[in-house]
Amino acid sequence: MRVVHWNISKENAPISGIKKYEDKLFENLNNIIKKENIDISLDRIMRANSKIVGSTIVSWILKYSSRYDIVHGTCNPVAPAILFKKVKKFCVTIHDLGCVIYPNKINDFTEKIQWLLLPKALRKADIIIAISKFTKSELINIYNIDDNKIKVIYLGVNTELYKPLDRSKCRQYFGLKEDKKYILYVASNLYHKRLDIAKAVFEQVKKCRDDVMLIKAGYSKKLSGKGIVNMGWIKEKDMPKLYSAADVYLHTSEYEGFGLPVLEAMACGLPIVASNKAAIPEVVGSAGYLVNLDDNCVDEFTEKVLKCLDREKLNKKGVERAREFSWERTAKETLKVYTELYLN
């Protein structure tokens, strides 16, 4: 069996949620194939680094090869390539339908073309992998995809990297103060992340105690305000240190196809206070506080955050819950999809 991954990531792209999925899936599949001596050859095709040659639409036509038994498009924007290629079997991973729900997220004409062609591409796919039950439900409700055509395969976390670390040492690493309490928020400034709620929660928490600071990390603009530490983009090797340095992880997003930062924070033993929207409850389970995004949500978020700030013990439930999500499991379940496609 010859399998190829059509990746949306560019060859030298920095780590992101999508790239992490593409890298970890490829790595773990190869490990299983080698360990179990399975007769499968696995290749991957990434976009070129060039702005023009590496553009999504040009890649559909010129970059992605279809001379394989199974082609796996590992992200939504890759799916329309199937309209320009003749493939034997095609599966595609859909991470979310954010640009359908929030059309203002679409930044340019080429991105608009991708989303216009996506429904036709999904109809041609042999099987669709959704990264959560929530994303599966959206595929059914928005595009009327047959339930039997969609397989839910969760993302994973590397618990050898993401694990509880010494808080004092981690604070020293980032130059954080020992006598302060830190709320960690890892997200962009996109509307659906609801930074407005996060900032309102922080302001309310500060009224209750004056030793609290907010750490904002991730690809996004800086957040201004007293007591706010803007970390910006953090290398993945340092993210476990950042999670371990904080006292509570706050996640106010109203829309997530999965929510990797939540899972990674849990794996590091950080208490979780998150919204109960989209796929977030699937990840958190009973290992954190989930808050309704209603008119009183700022008060409830604040109450839960204050409870977590005085924690002395690790969030053991979170650590145990995170162990249920592994990249090896993601790869094994994906391998089953390939086998079924190949034999049918």
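List of remarks:
- Taken over the stretch 254-309, the alpha-carbon convex hull comes to 69 cubic angstrom per residue.
- Across the options S55, N315, Y249, the greatest Cα extent toward the positive end of the charge dipole of the chain (unit charges at beta carbon of Lys, Arg, Asp, Glu) belongs to S55.
- Placed amide H near S9: partners under 5 Å, 5+ positions off or other chain: R47
- The stretch 39-116, relative contact order [Cα under 8 Å, separation at least 6], %: 24
- The eigenvalues of the Cα gyration tensor, multiplied by 5 and square-rooted, give the stretch 167-322 an equivalent ellipsoid with semi-axes of 20, 18, 16 Å from largest to smallest.
- Note on the stretch 39-170: Rg/Rh from Cα positions, Kirkwood definition for Rh, rounded to two decimals, is 1.04.
- The stretch 167-322, relative contact order [Cα under 8 Å, separation at least 6], %: 23
- For the chain: relative contact order, % (alpha-carbon pairs under 8 angstrom, 6 or more apart): 16
- Annotation: peptides 254-267, 203-216, 135-148, ranked by per-residue average of other Cβ atoms within 10 Å with the highest first, follow the order 254-267, 203-216, 135-148.
- Stokes-Einstein diffusion of the chain at 4 °C, 1.567 mPa s viscosity, Kirkwood radius from Cα pairs, rounded to a whole number: 61 µm²/s.
- Under 5 Å from the amide H of V212 lie the amide H atoms of K181, each residue being 5 or more positions distant or on a separate chain, with H modelled from the backbone and absent for Pro and chain starts.
Throughout, read-outs are computed from the coordinates displayed, never taken from laboratory work. The model shown is predicted, which means the values in this text are computed figures rather than measured ones. Every residue, glycine among them, receives a Cβ derived from its backbone with ideal geometry; neighbour counts consider all protein chains shown.
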